[in-house]
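Asks: After the structure tokens below, expect a handful of questions from me.
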Amino acid sequence: MISFRVNGKPVKVDVDGSMPLLWVLRENLQLTGTKYGCGMAQCGACTVHIDGEAVRSCVAPVSRAAGREVTTIEGISPDLTHPLQRAWIELDVPQCGYCQSGQIMSAAVLLRDKPHPSDEDIDEAMTGNICRCGTYPRIRRAIHRAAELKAAGGAK
Amino acid sequence: MSAAAVMERREFLKLTVGASGGLLIGIYLPAARSARAAAPEGVFAPNAFVRIATDGTVSVVVNHSEMGQGVYTSLPMLLADELDADWAKVRFEPAPVDPAYNHPVYGVQMTGGSTSTWSGFDQFRKAGAVARAVLVMAAAQQWNVAAEKCTTASGFVLNSATNARLSYGELAAKAALIKPPAEVPLKNPKDFQLVGKPLKRLDTPEKTNGKAVFGIDVMLPGMLTAVVARGPVFGAKLKTFDSAKAAAVPGVRKVVAVPSGVAVIADGFWAAKRGRDALQIEWDEGAMADFSTRGMREQYAGLAKEAGLDARKEGDAAVALAGAGKKIEAVYEVPYLSHAMMEPLNCVVDLRADRCEVWTGTQFQTGDHMAAAQISGLKPEQVQIHTTLLGGGFGRRANPSADFVAECVHVAKSAGVPVKVIWTREDDMRGGFYRPAYYHALAGCLDANGVPLAWSHHIVGQSIMEGGPFAAFHQERD
């Protein structure tokens with residue numbers, strides 16, 4: 001039995017500790033917002049936070065989450081009010097949308113470390129998150145916009 | 001373009017009072033005799049669907065799949081504009097599989113070829129215009145005035161004489177009892193309120209909080225997950241397999257042979273994949289065993305030197321090329337390319353004795369439906385396709401054999417419970433239906449002033465139409 005917290009709630013799962021966190025989140029905990037894209041930390045669709053740090057959950061064994069706090073896209077706000085969600089909606093970032101949970105989770109860590117990132121900061125921080133629709137220009141603009149919203153006190 | 005929507009009684013699909021007392025309008029427009037007869041206006045096939053609930057919610061049933069291109073917003077915009085709907089109350093809904101939702105040009109239910117918005121343009125407008133006309137008739141009856149005295153705006157019918165107004169929600173139940181008019185004028189495009197204006201996509205909020213449901217996200221009670229070992233070569237056949245090690249993986253429930261290979265059915269993806277990786281399989285690699293990209297390229301290069309079929313011939317390029325002038329030769333090649341959707345292929349099937357339900361992100365509902373009926377042995381009306389969001393399509397999710405759906409129905413036959421087949425990223429990349437490789441050999445010559453004197457262009461590649469349901473579209477050279 002492995003115990004940790006997900007989006008503020010304690011959970012216990014009876015699985016092999018080597019099972020990737022991604023599948024525990026998606027199948028055991030039914031949090032399907034975190035996506036499977038490649039299974040080898042190459043695309044970023046599975047990005048979540050463990051104790052606030054971005055982790056590719058498709059290669060992170062669930063044992064790594066034991067005793068820690070995991071945050072998924074479902075947990076960043078209850079009502080679409082996170083600055084990144086507000087910016088994403090304002091700029092209509094997603095197309096197919098499959099990669100966007102991972103994009104937002106990566107961007108959240110960037111904004112924590114650099115509240116006013118440059119284009120170069122964004123490109124560098126987001127390079128591990130692939131978007132097959134090519135929404136990169138809007139992702140970049142939305143991260144700048146989220147930085148403004150956060151600075152203006154919209155942050156939770 | 002026709003300025004009026006024509007709807008005859010027999011063409012009227014459904015007009016019923018739903019459980020909520022809402023208005024449900026379905027529209028059949030005259031069907032094309034053949035796909036070839038369909039003009040680019042795209043208004044031949046039956047289509048279009050709008051529901052207005054008593055709370056005023058306008059649900060637009062969209063017959064094209066949302067894979068990022070925005071049809072769950074653009075097609076509702078067209079309908080809502082003619083309806084004079086309140087855009088804030090407009091919702092989208094994926095269409096079930098039904099001939100009423102066939103592509104107006106292709107004559108099958110599918111999404112592809114960058115055709116959805118233009119082919120559905122007047123179709124969705126007409127659906128909205130008819131709904132609006134019925135709501136006006138309902139209001140006119142209630143006020144006991146002529147319909148001409150009524151106008152519409154933003155989800156209301158307005159009485160120009162008294163300034164009274166009734167919302168579409170208030171009128172829905174009454175409207176449901178009225179036979180729609182045969183002819184309905186469409187707006188002059190200069191009067192569009194929504195079309196041509198940038199509006200927010202309707203699907204953005206659910207794509208920023210993890211709530212959007214793609215095929216891979218579908219969960220059913222008691223569902224198992226399968227990963228399939230497919231042949232290492234296209235056309236390979238299974239000879240023998242040893243499932244002992246796979247079956248010993250905790251969580252693996254069944255290991256079964258299916259036409260595409262060996263399916264490992266387990267409690268979840270991880271167990272199924274570990275089981276799949278532990279299989280020992282012997283394949284008969286078949287006729288393609290020795291096929292190689294290099295060998296095919298050499299063959300194409302050889303074919304490019306031969307005559308081939310003429311796509312266009314003017315003058316005598318060979319003579320001009322042999323004459324004076326500056327000669328330029330070039331070869332252009334494109335390789336086989338995987339469509340590489342962000343969401344790897346997947347499918348969920350719940351197969352029962354008397355029904356088969358399929359959940360998947362598909363671009364080709366008609367083909368999937370036919371395949372599922374054939375494989376399950378059920379009647380077409382016992383098979384339903386639930387179209388989810390697509391994590392990208394690019395054509396891979398529309399193919400002649402409905403491969404990812406057909407395979408899942410086969411697995412479901414063995415599973416005995418609802419089952420989801422997930423392709424790993426590697427499976428998806430190796431699994432084919434690539435954009436075909438092409439080889440172009442060009443030769444040209446220019447005169448002293450740089451003006452072209454001749455152009456010879458040999459193209460070698462595979463047809464993407466031949467052998468499939470779209471072969472009818474295929475001319476001598478597609």
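None of the figures in this text is laboratory data; all of them are computed from the coordinates on show. Note that the structure is a prediction, hence the values are computed from the model and not measured. Here the Cβ is made from the backbone with ideal geometry for all residues, glycine too, and neighbour counts use every protein chain on show.
Asks: Go ahead and run the numbers for FRET between residue B:177 and residue B:153, Cβ-Cβ distance against an R0 of 22 Å, rounding to 0.05.
Replies: With a Förster radius of 22 Å, E is 0.40.
Asks: Hey, another quick one. Sort out for me the Cα centre separation of segment B:105-144 from segment A:68-111, rounded to whole Å.
Replies: Between the Cα centres of segment B:105-144 and segment A:68-111 lies a distance of 35 Å.
Asks: Tell me, how many Å apart are the Cα centres for segment B:273-336 and for segment A:44-60?
Replies: So the two Cα centres are separated by 43 Å.
Asks: Can you list the cysteines of chain B that have no other Cys Cβ under 4.7 Å away?
Replies: Flagged as lacking a Cys partner: B:150, B:356, B:445.
Asks: Let me have the 222 nm mean residue ellipticity of the protein assembly as shown computed from DSSP H runs of 4+ only, each contributing -39500 (n - 2.57), with the sum over all residues rounded to the nearest 500. It would help to have the intermediate numbers written out before the result.
Replies: Working: 14 runs with 153 residues, N = 634.
Estimated from H runs of four or more residues: -7500 deg cm²/dmol.
Asks: Oh, and also: Taking θ as phi - 60°, what are the ³J(HN,Hα) couplings along segment A:115-128 by the Karplus curve (6.51, -1.76, 1.60), each to the nearest whole Hz, with x for Gly and Pro?
Replies: After applying 6.51 cos²θ - 1.76 cosθ + 1.60, I find x, 10, x, 7, 4, 5, 4, 5, 4, 5, 5, 9, 5, x Hz.
Asks: For segment B:288-327, state which GluC sites (Glu not before Pro) are in a DSSP loop and have at most 12 other beta carbons lying within 10 Å of their beta carbon. Write out the running numbers ahead of the final one.
Replies: On the way: sites: B:298, B:306, B:314; in loops: B:306, B:314.
Within segment B:288-327, the qualifying GluC sites (Glu not before Pro) (loop, at most 12 other Cβ atoms within 10 Å) are B:306, B:314.
Asks: So which aspartates and glutamates pass the test for residue B:313, namely a Cα distance under 20 Å, with those fewer than 8 places away in the same chain ruled out?
Replies: Hits, sequence-local ones excluded: B:329, B:476, B:478.
Asks: Rounded, prolate or oblate: which fits segment A:83-154 when a ≥ b ≥ c are the square roots of the eigenvalues of the alpha-carbon gyration tensor, with rounded for a/c under 1.5 and prolate only if a/b beats b/c?
Replies: Judged from the Cα gyration tensor, segment A:83-154 comes out oblate (a/c at least 1.5, b/c at or above a/b).
Asks: Helix B:365-376 sits at what angle to the longest principal axis of chain B, using alpha carbons and giving 0 to 90 degrees rounded to 10?
Replies: With both axes taken from Cα atoms, the answer is about 70 degrees.
Asks: Okay, moving on. In square nanometres, what is the average projected area of the Cα convex hull of segment B:279-325?
Replies: One quarter of the hull surface, i.e. the mean projection, equals 6.4 nm².
Asks: Okay, moving on. Exposure proxy check: B:445, A:46 ranked by fewest other beta carbons within 10 Å?
Replies: In increasing order of surrounding Cβ atoms, one gets B:445, A:46.
Asks: Another question, if that's okay. Please list, in chain and number order, the residues 5+ apart from residue B:54 or on another chain whose amide H is under 5 Å from its amide H, with Hs placed from the backbone.
Replies: Under 5 Å from the amide H of residue B:54 lie the amide H atoms of B:22, each far enough along the sequence or on another chain.
Asks: Could you tell me whether segment B:202-352 comes out rounded, prolate or oblate from its Cα gyration tensor? Rule is a ≥ b ≥ c as square roots of the eigenvalues, rounded for a/c under 1.5, then prolate if a/b exceeds b/c, otherwise oblate. Walk me through the intermediate numbers first.
Replies: Working: a/c = 3.92, a/b = 1.89, b/c = 2.07.
Judged from the Cα gyration tensor, segment B:202-352 comes out oblate (a/c at least 1.5, b/c at or above a/b).
Asks: Once phi is turned into θ = phi - 60°, what whole-Hz ³J(HN,Hα) does the Karplus curve with 6.51, -1.76 and 1.60 give for every residue of segment B:208-222, x standing for Gly and Pro?
Replies: So the J values, rounded to whole Hz, are 10, 10, x, 7, 4, 9, 8, x, 5, 8, 5, 10, 10, x, x.
Asks: Rounded to the nearest 0.05, what FRET efficiency is calculated for residue A:14 and residue B:449 with R0 set to 60 Å and r the Cβ-Cβ distance?
Replies: Numbers: r = 81 Å, r/R0 = 1.34.
The calculated FRET efficiency here is 0.15.
Asks: Take the Cα radius of gyration of segment B:144-233 and divide it by 2.2 N^0.38 Å, with N its residue count; two decimals is plenty. Could the numbers behind the result be given before it?
Replies: On the way: Rg = 23.7 Å, N = 90, 2.2 N^0.38 = 12.2 Å.
My calculation over the Cα atoms of segment B:144-233 gives 1.95.
Asks: Work out how much length residue B:188 to residue B:163 would gain on full extension: take 0.36 nm times their residue separation and subtract the Cα-Cα distance, in nm to one decimal.
Replies: 6.5 nm
Asks: Still on this structure: Quick check: convex hull of the Cα atoms in segment A:32-126, volume per residue, rounded to a whole Å³? Intermediate results must be reported in sequence, preceding the final value.
Replies: Working: hull volume 10.2 nm³, N = 95.
Roughly 107 Å³ of hull volume per residue.
Asks: Another question, then. In Å, what Rg and Dmax follow from the Cα atoms of chain B?
Replies: 27.2, 85
Asks: Placing +1 on the Cβ of each Lys and Arg and -1 on the Cβ of each Asp and Glu in chain B, which of B:173, B:444, B:212 has its Cα farthest towards the positive end of the resulting dipole?
Replies: B:173
Asks: Same structure, new question: Hey, fewest Cβ within 10 Å first, where do A:126, A:105 land in order?
Replies: A:126, A:105
Asks: Using a ≥ b ≥ c from the Cα gyration tensor of segment B:77-127 (square roots of the eigenvalues), is it rounded, prolate or oblate, where a/c under 1.5 gives rounded and otherwise the larger of a/b and b/c decides, a/b for prolate?
Replies: prolate
Asks: State the antiparallel share, in %, of DSSP beta bridges confined to the protein assembly as shown, rounding to the nearest 5.
Replies: Taking every DSSP beta bridge with both residues in the protein assembly as shown, the antiparallel ones total about 85 percent.
Asks: Moving to a separate point now. In whole Å, what three semi-axes, largest first, describe the equivalent ellipsoid of the protein assembly as shown built from its Cα gyration tensor (square root of 5 times each eigenvalue)?
Replies: With the √(5λ) rule applied to the protein assembly as shown, the semi-axes are 41, 37, 28 Å.
Asks: Let me ask something else about it. For segment B:228-293, taking Cα atoms only, what is the radius of gyration to one decimal and the Dmax to the nearest whole Å?
Replies: Final numbers for Rg and Dmax: 12.6, 40 Å.
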